[in-house]
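Below is one structure, written out as structure tokens; comments come after it.
The values are calculated or read from the model by the stated rules, or taken from the named source; none is laboratory data. Because the structure is a prediction, the values reported are computed rather than measured. Positions of Cβ are backbone-derived with ideal geometry, glycine not excepted, and every protein chain shown enters the neighbour counts.
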Amino acid sequence: MGDSRFGWLVSYPKSGNTWMRMMLASLLAGGAEININQITLDCSVASFAEMDEFLGVESSELTRDEIANARPALHAEILASARSPLLLRKVHDRFWPTPSGQPAFQGAVTQGAVYLVRDPRDVAVSYAHHRGWPVDDIIRLMADPAVELARAEHSCKRQLPQPLGTWSGHVASWSEQHELPVLVLRYEDLKKDPHAGLRAAAALLGIAADEGQIQAAVKATEFEVLRSQEAAAGFRERRPESTAPFFRRGVAGDWPASLSPSQQGRIETDHREMMERFQYLS
């Protein structure tokens, strides 16, 4: 495997993961401008095609438990072919154990994880636009412990199942685990001071960068820059069923304009403990 290690970029959907990936992509290029459709950090943790290639198995012949149990071995094999010391990968999974009891994401192969958390009321609104679903359906999804993601992306091969769970359970699973180093960043704080957030993420991941490069990377990935690129050329991560652009508004605290009192109350009831912990409720 050599000296390569993973840097996991983690979040519940629509919580700032894409923005952080683009800031890091710019930073790794010295603060250069990026093309949102050409960054290489946009695939999920693993795909069925990678399992077939790296483990030499036919994933279609494996049971669900066998696929889950193979995840740590797959990660090790992916690292074995890595050409750089740090391999950044997007993750929407909660932190979870395989059926055999191993952590799916192991400290031995990890430099660190950057975990983005966002007010679940804003998540519900943004996720509803992203999926083209009614907000009420998203609120139910965010409270369902059995939810997982597993679908084909425009730019990626068919993904392995990604256990998601509830919004609260997702946040707790990463912020409370002790298997690997994790930096928890609130999306709202990242919006207020993206330089500090990117600086902290780079430090955790071992990315050497001076202040000028931090400043340049933040400027290159300002929301209006990303939205303008999508308007001009589209964005391959945007779901075809969505009626809204991927880079729709990019603001924090927008939920009062979109949620009814009943919807707001359901989210706060479902996730009160975790919302209080991360200062979304007093």
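At-a-glance table
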{"quantity": "Selection from segment 81-111 of residues that are hydrophobic (A, V, I, L, M, F, W, C) and either free of Cβ contacts under 8 Å to residues at least 12 places away in the same chain or closer than 22 Å to Ser4 by Cα (or both)", "calculated": "Ala82, Leu86, Leu87, Leu88, Val91, Phe95, Ala104, Phe105, Ala108, Val109"}
{"quantity": "Subset of segment 241-277 (residues that are at pLDDT below 70 and among the aliphatic types (A, V, I, L, M))", "calculated": "Ala244"}
{"quantity": "Segment 40-84, subset polar (S, T, N, Q) and modelled with pLDDT of 85 or more, residue nearest to Met23 (Cα to Cα)", "calculated": "Ser84"}
{"quantity": "Selection within segment 149-178 - under 19 Å from Val109 (Cβ atoms), in a loop (DSSP other than H, G, I, E, B) and modelled with pLDDT of 95 or more", "calculated": "Gln177, His178"}
{"quantity": "Checking Ile39 against (1) out of contact with any strand residue (DSSP E or B) (no Cβ under 9 Å at 6 or more places or on another chain); (2) at positive phi; (3) surrounded by 14 or more Cβ atoms within 10 Å (Cβ to Cβ), the condition it does not meet", "calculated": "(2)"}
{"quantity": "Segment 173-221 - residue that is β-branched (Val, Ile, Thr) and within 16 Å of the chain's Cα centre (by Cα) and, of those, nearest to Val251 (Cα to Cα)", "calculated": "Val184"}
{"quantity": "Options Ser47, Ser59, Ser26: the member that is more than 22 Å from Leu205 (Cβ to Cβ) and within 21 Å of the chain's Cα centre (by Cα)", "calculated": "Ser47"}
{"quantity": "Filter result (assigned to a helix (DSSP H, G or I), over 22 Å from the mean Cα position of the chain (by Cα) and among the aliphatic types (A, V, I, L, M)) within segment 257-282", "calculated": "Ala257"}
{"quantity": "Count of segment 73-95 residues which are crowded, with 18+ Cβ neighbours inside 10 Å and either of a type in the set (Val, Ile, Thr) or under 19 Å from the mean Cα position of the chain (by Cα) (or both)", "calculated": "11"}
{"quantity": "Of all residues in segment 1-25 being out of contact with any His (no Cβ under 6 Å at 6 or more places or on another chain), hydroxyl-bearing (Ser, Thr, Tyr) and at pLDDT 90 or above, the one that is surrounded by the most Cβ atoms within 10 Å (Cβ to Cβ)", "calculated": "Ser15"}
{"quantity": "Inter-residue pairs, beta-carbon under 7 Å, first more than 19 Å from Pro103 (Cα to Cα) and among the charged types (D, E, K, R) and in segment 163-190, second part of a helix (DSSP H, G or I) and at pLDDT 95 or above, 6+ apart", "calculated": "Asp189/Gly197"}
{"quantity": "Verdict on Asp144 being acidic (Asp, Glu) and crowded, with 20+ Cβ neighbours inside 10 Å", "calculated": "no"}
{"quantity": "Subset of segment 96-127 that is of a type in the set (A, V, I, L, M, F, W, C) and farther than 19 Å from Val171 by Cβ - its residue that is farthest from the chain's Cα centre (by Cα)", "calculated": "Ala108"}
{"quantity": "Flag for Arg89 being among the basic types (Lys, Arg), under 20 Å from Ala208 (Cα atoms) and modelled with pLDDT of 90 or more", "calculated": "yes"}
{"quantity": "Any hit, segment 45-54, residues being of a type in the set (Ser, Thr, Tyr), surrounded by 19 or more Cβ atoms within 10 Å (Cβ to Cβ) and under 19 Å from Ala25 (Cβ atoms)", "calculated": "no"}
{"quantity": "When residues of segment 183-240 are limited to those that are modelled with pLDDT under 95 and polar (S, T, N, Q), the one surrounded by the most Cβ atoms within 10 Å (Cβ to Cβ)", "calculated": "Thr221"}
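Yes/no matrix, rows are residues, columns are (1) touching a helix residue (DSSP H, G or I) at 6+ places or on another chain (Cβ under 7 Å); (2) under 30 Å from Ser60 (Cα atoms); (3) of a type outside the set (Val, Ile, Thr); (4) not in a strand (DSSP E or B):
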| residue | (1), (2), (3), (4) |
| --- | --- |
| Gln111 | yes, no, yes, no |
| Val123 | yes, no, no, yes |
| His129 | no, no, yes, yes |
| Leu141 | no, yes, yes, yes |
| Leu180 | yes, no, yes, yes |
